[in-house]
Structure formats: C-alpha cells, structure tokens
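Student: Dumping the structure here so I can ask a few things about it.
Computed from the coordinates by the stated procedures, all read-outs in this text should not be read as laboratory data. What you are looking at is a predicted structure, and each value in this text was computed from that prediction instead of being measured. In this analysis, Cβ positions are derived from the backbone assuming ideal geometry, glycine residues included, and neighbour counts consider all displayed protein chains.
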C-alpha cells in the first residue's frame with residue numbers, strides 16, 4: 001500500500017491543510033491593527049473555546065463523564081491546581097466505570 | 001481596559017523549552033494514548049506502518065487523522081479527506097489568531113516552526129502561563145516537542161499492537177483530554193467578563209453539534225463566544 005502515490009497525495013494535502021490552519025490565524029492577524037476591540041476578541045478566545053470543547057464533550061457523554069468533568073473542575077478550582085484536578089477527574093471516571101460495570 | 005497586557009518583546013529561550021517539556025507530562029500522556037488508538041485504527045484500516053507513521057509525523061492532528069480513517073477507501077476520496085481535515089482542524093485558526101499579540105515579536109522562523117506543533121492543550125497551557133510568567137515562545141515549543149514525540153511513539157506502538165490494544169476506557173485513559181480541559185476551565189473562568197464568552201461559546205457549540213455537523217462545533221462555538229469580548233469592550237467604554 002506504501003507504493004500507491006494517491007496515499008502520499010492524501011497525506012500531503014492533509015498536512016498542508018492542517019498547517020495552514022495552525023499558522024493561518026497568526027499570519028492573518030498580522031494584517032489587523034490591534035485595537036482594544038480586537039484585543040477583547042482575542043482575549044475572550046480561551047474562555048470561549050474551552051467552553052466549546054467541554055460542551056461538545058458533555059453533549060455525547062454519559063453520567064459518569066459528566067461527574068468526571070465536575071470532579072476535575074471542582075478539585076482544580078477549590079482544592080489543588082490543574083494537575084490535581086485532572087487526576088481527580090480521571091480517577092473519578094475510572095472508579096465510577098469499575099463500580100457501574 | 002486591557003484584559004490582556006500586550007507583551008513587550010517575546011522571549012524564546014532554552015529554559016522556556018525545558019519548562020514546556022516538563023509542564024507537558026499530562027498532555028504527552030494524552031498524546032501517547034491517542035497515538036496508540038490512532039495506530040491501532042490505522043493498522044485495522046490496512047495502512048502500513050510507514051504510511052501511518054508518516055501521517056502522524058506530517059499531519060500531527062489526532063482528530064483529523066481518526067476522522068479521515070473513517071472515510072478512507074480505495075480509491076481515496078481526496079477532496080472529502082481534505083475537507084474533513086479542514087473541518088476538524090479549523091479551530092486552530094482561532095487559536096493561532098489569539099497567539100498573535102503574544103508571539104508577534106518572537107521571530108518569524110521560530111514562531112512559524114512552533115506553530116506546526118500547536119495543540120489544543122499546549123495552546124491553553126501556554127496562554128494560562130503567560131498571564132503570570134514571562135512570555136516565552138519556547139514554552140509553547142517545548143510542549144509541542146513533548147507531545148509530538150509521544151504522538152509518534154504512540155502511533156508506532158499502536159500499529160504494532162493492532163487489534164490487541166484492549167480498552168483504554170477501562171482505566172479512564174480516554175478521559176485525560178476532557179479532564180485536562182475541565183481543570184483548565186477552573187483556572188481560566190475567573191472573571192465576571194468570562195461569563196458571556198463561556199455561555200455563548202458553549203451554547204453555540206452545542207447548537208452546532210446538534211444541527212450543523214459535529215466537526216464545525218468548535219469553530220462556531222469559539223468564534224461566537226469570543227465575539228462577546230468585542231462587545232464587552234464596547235459596553236465598558
């Protein structure tokens with residue numbers, strides 16, 4: 001299958017499209033003047049995109065995964081830092097799945 | 001009112017790279033697990049080792065690679081594969097745009113090289129760190145290097161294992177990524193001004209997930225939610 005040039009064309013195209021996404025936003029913003037409005041837009045990006053990522057995760061998740069997200073969020077917020085929260089979330093999911101299996 | 005201080009001059013140091021590699025341990029673990037899953041799926045889809053490894057090395061985007069396997073056929077539907085890749089990775093346009101104020105002074109070659117390794121987790125982690133620490137592009141590159149190595153290693157291991165990988169879900173290993181972002185959210189969503197972008201971003205992503213097509217939900221949610229930041233500024237001034 002390695003010999004099929006179509007495979008390499010497919011991969012080259014995927015690589016190009018992906019890099020244009022990764023570099024394109026940065027490049028394009030070089031032509032935009034950094035007004036306070038633009039800065040406000042970019043500054044809100046992390047909160048908005050992380051919310052979108054979590055919303056999509058939860059949209060196709062069961063009760064166990066929802067509990068895991070809640071555990072990670074609450075532990076990171078009120079007890080330990082990011083890493084502790086992550087471990088709490090993963091641990092909660094592993095335990096709840098073992099119990100409910 | 002500037003939520004985000006404009007970085008004076010972006011540093012790019014070895015120490016930053018080392019700090020990035022060290023900070024990337026949980027993200028690299030996630031990349032390794034993802035790489036194993038992709039490698040096993042690729043083996044099952046009939047891609048040989050060289051092709052699987054090359055795809056991971058050149059594309060380096062888990063979601064897009066797995067999605068492309070789902071429509072892989074003979075002959076390969078090239079346009080569909082490329083369009084799917086774009087849909088899944090379009091969120092990177094927003095991420096890299098948001099890095100402009102931080103990395104504009106970082107040096108062209110170094111910055112565009114670093115952007116090749118951009119990942120969701122690395123982006124979130126670097127932006128969080130730069131709120132309090134020196135803005136060092138090396139930190140983002142260090143995370144990228146660690147995740148890239150783990151992704152390639154995982155791909156090779158997963159391909160070798162093929163059908164024998166068992167279920168990472170039993171140990172909660174499929175949950176590293178959601179758990180990371182839930183913990184990130186806990187430190188990112190602190191200000192009252194975050195409520196609007198979070199609510200609109202989550203709502204738009206859910207609507208897109210249900211009514212448009214799942215792959216576009218991150219682009220639509222991120223774009224809609226972040227635009228609240230434009231109007232938030234208008235209301236204050």
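Student: If r is the Cβ-Cβ distance from residue B:133 to residue B:199 and R0 is 41 Å, what FRET efficiency results, to the nearest 0.05?
Tutor: 0.90
Student: Separate question: Using only the alpha carbons of chain A, determine the length spanned along each of the three principal axes and report them from longest to shortest in whole angstroms.
Tutor: In descending order, the Cα extents are 53, 48, 23 Å.
Student: Further question on the same structure: Could you check the spin-label model distance between residue A:4 and residue B:18? Points 7 Å from the Cα along Cα→Cβ, value in nm.
Tutor: According to this spin-label approximation, the distance is 4.7 nm.
Student: Connecting C-alpha atoms closer than 10 Å in a GNM of chain A, tell me which of A:89, A:81, A:68 has the biggest fluctuation.
Tutor: In the Gaussian network model the winner is A:81.
Student: Shifting gears a bit: Find the centroid of the Cα atoms in region A:49-101 and in region B:31-80, then give the distance between the two in whole Å.
Tutor: Between the Cα centres of region A:49-101 and region B:31-80 lies a distance of 28 Å.
Student: Consider a paramagnetic label point 7 Å from the Cα of residue B:207 along Cα→Cβ; state which residues of region A:37-54 have an amide N under 18 Å from it.
Tutor: A:48-54
Student: Continuing with this model, one more query. Give me the Debye-computed log₁₀ of I(q)/I(0) at q = 0.10, 0.18 Å⁻¹ for chain B, equal point scatterers on Cα only, no solvent, two decimals.
Tutor: These q points yield log10 I(q)/I(0) values of -0.52, -1.50.
Student: Something else: Using a Förster radius of 56 Å, what is the FRET efficiency between residue A:28 and residue A:84 based on their Cβ-Cβ separation? Nearest 0.05, please.
Tutor: Computed FRET efficiency for residue A:28 and residue A:84 comes out at 0.90.
Student: Provide the three semi-axes, in whole Å and in decreasing order, of the ellipsoid equivalent to the protein assembly as shown as defined by the square roots of 5 times the Cα gyration tensor eigenvalues.
Tutor: Over the Cα atoms of the protein assembly as shown, the semi-axes work out to 30, 24, 20 Å.
Student: Let me ask you something else. Would you tell me the mean number of C-beta atoms belonging to other protein chains that fall within 10 Å of each C-beta in B:42-48, as a whole number?
Tutor: Other-chain Cβ atoms within 10 Å of each residue's Cβ, averaged: 1.
Student: Once you place label points 7 Å from the Cα toward the Cβ at residue B:116 and residue B:11, how far apart are they in nm?
Tutor: 2.6
Student: Ok, one more. Against the longest principal axis of chain A, how steep is helix A:82-100, in degrees 0 to 90 to the nearest 10, with axes from Cα atoms?
Tutor: 60
Student: Let me ask something else about it. If I take every Cα pair under 8 Å that is 6 or more residues apart in chain B, average their sequence separation and divide by the length, what percent do I get for the relative contact order?
Tutor: So the answer I get is 33 percent.
Student: Taking chain B as a Gaussian network, Cα atoms linked when under 10 Å apart, which of B:100, B:164, B:192 shows the biggest mean-square fluctuation?
Tutor: Of B:100, B:164, B:192, the Gaussian network model singles out B:192 as fluctuating most.
Student: Report, to two decimal places, the Cα Rg of region B:47-130 normalised by 2.2 N^0.38 Å (N = number of residues).
Tutor: 1.28
Student: With contacts defined as alpha carbon pairs under 8 Å and 6 or more residues apart, what's the relative contact order of region B:1-105 in percent?
Tutor: Worked out over region B:1-105, it gives 32 percent.
Student: Right, next: How much mean residue ellipticity at 222 nm does chain B get from its helices, if each DSSP H run of length 4 or more adds -39500 (n - 2.57) and you divide by all residues, to the nearest 500 deg cm²/dmol?
Tutor: Dividing the helical sum by the residues of chain B leaves -23000 deg cm²/dmol.
Student: Could you give the angle, 0 to 90 degrees to the nearest 10, between helix A:5-29's Cα long axis and the longest principal axis of the Cα atoms of chain A?
Tutor: 80
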